[in-house]
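Here the structure comes first, spelled out in structure tokens, and everything after it is commentary.
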Amino acid sequence: MAKTSSRSNFFQTFLLMMTIFLAYNLIFNKPKEADTYEGKELKTLQSYREALADANARLLDTTALDLKGKVEREADASVAQKTLTAEDAAKVKLEANILLADTELKAGIARNDTGRIRTAYHTLMPIDSRLKGKPEYSEPIAVADVSGDKRFGWKEWTPQALHDRAIAEISDRSKHDLIWGLIPGGYAAIDGLVHLTGAQPGFSYWFAALILALIVRAIVFPVAQKQMMFGRQMQQLQPLAAEIRKQYEGKPEKATEMQKKLMELYAEYGVNPAAGCLPALIQVPLFLTVYQFMLLYQFDFSKGTFAWVNPHTSQMFPAGFVAPNLGSLDPTLIIIYGVMMIVSTLLTPQTDPMQAKQQRLMGIGISVFFTVTMFFGFFPVPGAFVLYWIFLLVLSTLQALRAYRLPVAPLQKVNTSAGGVYPTSLGGKWQKKMQELMEAAEAQKTGTTPAAGTKSTASKNPTPLSGSGGIGDAKTGKPVKHKPKKRK
């Protein structure tokens, strides 16, 4: 198995990234109920606007999203053709966005779907950051009159009023929403940590993030420690693995044979190359659950500040560059987190010295990926959550530095050509199975049959062979001498 350690690390990272990606899409991009617009043929800007208003009245949010994009494109085309002024086009685009957000908000309330309401909030976020404090932010825009439904009594919105209504709706639901539809108390857990120190705006909210990071790290400490010490074991095996790879260097036709030798090496020392994946995966659900906890508390975090994250500093910089509170996305915190991830990657020793450069480049690439996705808002990250991640990263880096300085037991063979057994753990069974598969593949390739006794070393040699002759006694392990039978 060429470059096993490096591939194992890549496999762990890949599984972690895929799990986060799938969980994110499962939570935030739930498939919405299909809706269609059956109307006249749409060709002009006015017809698109009329269709969008109709979708708004019928609560067809997915259709409204599609029509909003068409209205914006048609408005830009009209400006290019000089049939519409840039100022009028901006008003048309603002109206389209308000109609879309209103549709998403109503659809969320009607279907009891907090995800749809959050989508409305994210539709309004760019408008809020762009127009806040300007006259347009307080100008009313007409929406569909559905006053026949008591849940929707509004006939018009100012962008500010719609933004505030979406926040109020989410905040009210967050106090009772279940995590994963099963776990209650997410909001209450964070609220309890905040009130532990009196809910002081300049202290309690960021300190709650620190306490949460300490709690989470304490929970995952044993699992993470096991994963790191496994890395130390793999590091010890790398010189032996490198020797095997060197023997087959430049011989791609013998790749299967080389992989078999590597598997034999890992089996000989009782090391499972994929054992580091399970601890990494165990931590993912906890991290995603904590993320949901903090997302439920997002708008309450808007009461808290941290260092430069405050209303006064926010006004001194261009809009959006510095968050006014911990409930908003703060680019500066995200950049700090990205830099710290890279520094952590460079500081942490690698399991395979021969692949250290490759592993570090991979770690830096992942750091940049996370930073860019958060910076540009591909998934919602309140400033408090980024601060929590920074605290967690510092704690995990300290644990890694400590783990790589602890003494590690020297390698000991558990399976030898003279006998021995595979460990009875899950890892040992995995090694045994992989060994059998490799031998079967080699036999199929060469057209031969596996030698007797090679299919399952564990079954053929249930106890170690001792000495130079005789089979080990099941109880004592000592050689048993067989007396010759008397001839008749």
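Please treat every number below as a calculation from the coordinates, not as lab data. Nothing here was measured: the structure is a model prediction, and the numbers come from that model. All Cβ positions, glycine included, derive from the backbone under ideal geometry; neighbour counts span all protein chains shown.
Length gained on full extension, E50 to E87: 11.3 nm, using 0.36 nm per residue less the C-alpha separation. Here is the list for segment 73-127: trypsin sites (Lys or Arg not before Pro) lying in DSSP coil, each with at most 10 other C-beta atoms within 10 angstrom of its C-beta, are K82. From the alpha carbon centroid of segment 98-132 to that of segment 156-173 is 8 Å. What the phi angles of segment 263-271 give under the Karplus curve with 6.51, -1.76 and 1.60, with θ = phi - 60°, is a coupling list of 5, 5, 4, 5, 5, 4, 9, x, 10 Hz, glycine and proline written as x. Taking 0.36 nm per residue of separation and subtracting the current Cα-Cα distance, fully stretching the chain between A142 and T289 would add 49.0 nm.
With a Förster radius of 56 Å applied to the beta-carbon distance between Q358 and W154, the computed FRET efficiency rounds to 0.45. Under 5 Å between amide hydrogens, built in the peptide plane, is the criterion, and for V414 it picks out Y269, G270 among residues at least 5 positions away or on other chains.
Structural descriptor for segment 33-174: relative contact order 20 percent, calculated from alpha carbon pairs under 8 angstrom and at least 6 residues apart. Over all other residues within a Cβ to Cβ distance under 12 Å of A403, the charged ones net out to +4, with Lys and Arg as +1 and Asp and Glu as -1. Averaging the sequence gap over all C-alpha pairs within less than 8 Å and six or more residues apart, then dividing by the number of residues, gives segment 243-340 a relative contact order of 16 percent. Counting neighbouring beta carbons within 10 Å and listing from fewest to most, the residues W206, W180 come out as W180, W206.
Given +1 at the Cβ of Lys and Arg, -1 at the Cβ of Asp and Glu and no other charges, the dipole of segment 40-170 around its Cα centre is 140 debye to the nearest 20. Using a cut-off of 22 Å between Cα atoms, the listed pairs K261/K357; K254/K413; K70/K93; K134/K175 include K261/K357; K254/K413; K134/K175 as exceeding that distance. Amide H contacts of D330: G383, each under 5 Å away and 5 or more positions distant or on a separate chain (H built 1.01 Å from N in the peptide plane; Pro and chain starts excluded).
Taking label positions 7 Å along the Cα-Cβ direction at both K132 and A188, the computed distance is 3.2 nm, reported to one decimal. Here's how it looks for I179: its modeled amide H is under 5 Å from those of G186, which are all 5 or more places away or on a different chain.
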